[in-house]
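K.L.:
My structure is below; once you've seen it, I'll send some questions.
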Amino acid sequence: MQKDGLVGLTALMLAALAVLVGLGVWQLKRLQWKEGLIAEIETRTKSPPITLADAVAIARQGRDPSYYRVRVEGRFHHAQELYLYAVADERVGWHVIAPLETVNGDMILVDRGFVSDELKDPSTRASGQVENVVAVTGIVRSTEVQGLFMPDNEPKANRWFWRDLAGMTRSAFRGGTIEVAPFFLEAEKSDVPGGWPEGGQTRLEIPNNHLHYAITWFLLAACLLVIYGLYVRGLYRRDRP
């Protein structure tokens, strides 16, 4: 038997085994983290709403306020609507994002919900453009970073493909220095005159496949051991007189 070759092969096998087992353990840690995240999101979305001031305070403390329920009262600035491309239940359309000025004078960008492409023009849903003070309860969502396959936003055409808080604020207020809350608020479903925009578009289904990934890595490690064992046994049999 070629012992020198077997030593090298064994070293490679052990290195590969360590990588595969390490990946499996890492996925188990990710599983624990993801389960904690899902539990926290479920708790936040089912808890009574907090105030906008409380949510802003959480953000300023460096903590993530995402998925907290927040209740605000104020008036929408409908003339500054922004349109975020969306697909909802196989319907292609837009999320209507409008600044809301609270009764305390604060400003926040509120995702009022989904409209089909035919209803993008506000004049087609005039009854939903409420001018009075309204109460809105929604879910806090953070700004986004443009992904690899996300198209560029088109501020001049008012077409947005990912949530850019800073860019949307500049666009809504024509480059002014208006201070807004450091997050968006996705409105829950409510009785909007005329039915549009349709709130309640927050997607809470978070994929959690880490256990499957961990099992896959551990199975690959086991297969490597089996293949290595069969190979070594074959070498010993071949060298036996």
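K.L.:
Would you point out which residue out of Arg237, Arg170, Arg174 is open to solvent by 80 Å² or more (accessible area, probe 1.4 Å) and in a loop (DSSP other than H, G, I, E, B)? Even if it seems obvious, please write down each step before you answer.
P.N.:
Working: Arg237 fails: in a loop (DSSP other than H, G, I, E, B); Arg170 fails: in a loop (DSSP other than H, G, I, E, B).
The match here is Arg174.
K.L.:
Name the one entry in Val145, Val226 that is over 30 Å from Ala16 (Cβ atoms) and surrounded by fewer than 16 Cβ atoms within 10 Å (Cβ to Cβ). Show your work before the answer.
P.N.:
Working: Val226 fails: over 30 Å from Ala16 (Cβ atoms).
Within the list Val145, Val226, the selection yields Val145.
K.L.:
Does segment 116-128 contain any residue that is basic (Lys, Arg), open to solvent by less than 50 Å² (accessible area, probe 1.4 Å) and in contact (Cβ under 8 Å) with a residue 40 or more places away in the chain? Spell out how you get there, then give the answer.
P.N.:
If we filter segment 116-128 for residues that are basic (Lys, Arg), which is where we start, we get 120, 125.
Checking which are open to solvent by less than 50 Å² (accessible area, probe 1.4 Å) leaves us with 120, 125.
After this cut, where a residue has to be in contact (Cβ under 8 Å) with a residue 40 or more places away in the chain as well, the list is 125.
Yes, the conditions are met somewhere in segment 116-128.
K.L.:
Check Val96, Val70 and return the single one that is more than 21 Å from Gly167 (Cβ to Cβ), touching an Asp or Glu at 6+ places or on another chain (Cβ under 9 Å), modelled with pLDDT of 95 or more and not basic (Lys, Arg).
P.N.:
Just one listed residue meets the conditions, Val70.
K.L.:
Going by what's in this entry, would Thr10 be described as over 20 Å from Lys189 (Cβ atoms) and either polar (S, T, N, Q) or in contact with a Ser or Thr (Cβ under 8 Å, 6 or more places away or on another chain) (or both)?
P.N.:
Numbers: over 20 Å from Lys189 (Cβ atoms): yes; either polar (S, T, N, Q) or in contact with a Ser or Thr (Cβ under 8 Å, 6 or more places away or on another chain) (or both): yes.
Judged against the criteria, Thr10 is a match.
K.L.:
Quick check on Gly194: is it outside any loop (DSSP other than H, G, I, E, B) and exposed (fewer than 15 other Cβ atoms within 10 Å of the Cβ)? Please lay out each step first, then the result.
P.N.:
On the way: outside any loop (DSSP other than H, G, I, E, B): yes; exposed (fewer than 15 other Cβ atoms within 10 Å of the Cβ): yes.
For Gly194, the condition - outside any loop (DSSP other than H, G, I, E, B) and exposed (fewer than 15 other Cβ atoms within 10 Å of the Cβ) - is met.
K.L.:
Now for a separate question. I'm checking my understanding of the structure. Among residues of segment 194-241 that are of a type in the set (A, V, I, L, M, F, W, C) and within 30 Å of the chain's Cα centre (by Cα), which one is nearest to Pro122 (Cα to Cα)?
P.N.:
The residue in question is Trp196.
K.L.:
List pairs: first in segment 72-94 and among the β-branched types (Val, Ile, Thr), second at pLDDT 95 or above, Cβ under 6 Å, 6+ apart or cross-chain?
P.N.:
So the pair list comes out as Val72/Leu52; Val72/Thr102; Val72/Val136.
K.L.:
Okay, moving on. Any residue at all in segment 47-58 that is acidic (Asp, Glu), out of contact with any strand residue (DSSP E or B) (no Cβ under 7 Å at 6 or more places or on another chain) and surrounded by fewer than 11 Cβ atoms within 10 Å (Cβ to Cβ)?
P.N.:
First pass over segment 47-58, keeping only residues acidic (Asp, Glu): 54.
When the remaining residues are screened for being out of contact with any strand residue (DSSP E or B) (no Cβ under 7 Å at 6 or more places or on another chain), the result is 54.
Next cut, surrounded by fewer than 11 Cβ atoms within 10 Å (Cβ to Cβ) only: none.
Within segment 47-58 (the criterion being acidic (Asp, Glu), out of contact with any strand residue (DSSP E or B) (no Cβ under 7 Å at 6 or more places or on another chain) and surrounded by fewer than 11 Cβ atoms within 10 Å (Cβ to Cβ)), the answer is no, since none of the residues qualifies.
K.L.:
Looking only at residues that are among the polar types (S, T, N, Q) and either more than 18 Å from the chain's Cα centre (by Cα) or surrounded by fewer than 17 Cβ atoms within 10 Å (Cβ to Cβ) (or both) in segment 62-106, which one is farthest from Thr169 (Cα to Cα)? Steps first, answer last, please.
P.N.:
Within segment 62-106, the first condition is being among the polar types (S, T, N, Q), and the residues that meet it are 66, 80, 102, 104.
Restricting the remaining residues to those that are either more than 18 Å from the chain's Cα centre (by Cα) or surrounded by fewer than 17 Cβ atoms within 10 Å (Cβ to Cβ) (or both) gives 80, 102, 104.
Details: Gln80: 10, Thr102: 16, Asn104: 19 Å.
It comes out as Asn104.
K.L.:
Just checking, how many residues over segment 154-167 are surrounded by 15 or more Cβ atoms within 10 Å (Cβ to Cβ), in a helix (DSSP H, G or I) and under 20 Å from the mean Cα position of the chain (by Cα)?
P.N.:
Going residue by residue through segment 154-167, those that are surrounded by 15 or more Cβ atoms within 10 Å (Cβ to Cβ) are 155, 158-165, 167.
From the residues that got through so far, the ones that are in a helix (DSSP H, G or I) too are 155, 165, 167.
The next check asks that each one be under 20 Å from the mean Cα position of the chain (by Cα); those that pass are 165, 167.
Residues flagged as surrounded by 15 or more Cβ atoms within 10 Å (Cβ to Cβ), in a helix (DSSP H, G or I) and under 20 Å from the mean Cα position of the chain (by Cα) within segment 154-167 amount to 2.
K.L.:
For segment 129-142, which residues satisfy the criterion of being closer than 29 Å to Lys46 by Cβ and open to solvent by 20 Å² or more (accessible area, probe 1.4 Å)? Walk me through how you get there before you give the answer.
P.N.:
Taking segment 129-142 as the starting set, the residues that turn out to be closer than 29 Å to Lys46 by Cβ are 130, 133-142.
Those that are closer than 29 Å to Lys46 by Cβ and open to solvent by 20 Å² or more (accessible area, probe 1.4 Å): Val130, Val133, Val134, Ala135, Thr137, Arg141, Ser142.
K.L.:
Also, I was wondering about something else. Among (1) in contact with a helix residue (DSSP H, G or I) (Cβ under 7 Å, 6 or more places away or on another chain); (2) open to solvent by 50 Å² or more (accessible area, probe 1.4 Å); (3) farther than 30 Å from Leu6 by Cβ, which single condition is Asn209 missing?
P.N.:
Checking Asn209 against (1) in contact with a helix residue (DSSP H, G or I) (Cβ under 7 Å, 6 or more places away or on another chain); (2) open to solvent by 50 Å² or more (accessible area, probe 1.4 Å); (3) farther than 30 Å from Leu6 by Cβ, the one that fails is (1).
K.L.:
Leu219: surrounded by fewer than 17 Cβ atoms within 10 Å (Cβ to Cβ), in contact (Cβ under 8 Å) with a residue 12 or more places away in the chain and either out of contact with any strand residue (DSSP E or B) (no Cβ under 9 Å at 6 or more places or on another chain) or not small (Gly, Ala, Ser) (or both), yes or no?
P.N.:
Working: surrounded by fewer than 17 Cβ atoms within 10 Å (Cβ to Cβ): yes; in contact (Cβ under 8 Å) with a residue 12 or more places away in the chain: no; either out of contact with any strand residue (DSSP E or B) (no Cβ under 9 Å at 6 or more places or on another chain) or not small (Gly, Ala, Ser) (or both): yes.
The answer is no for Leu219.
The values are calculated or read from the model by the stated rules, or taken from the named source; none is laboratory data. Not measured: the values here are computed from a predicted model. With ideal geometry, Cβ positions are generated from the backbone for all residues, glycine too; neighbour counts draw on all protein chains shown. Accessible surface areas use protein heavy atoms only, side chains included; no ligands, DNA or RNA. Shrake-Rupley method; radii C 1.70, N 1.55, O 1.52, S 1.80 Å.
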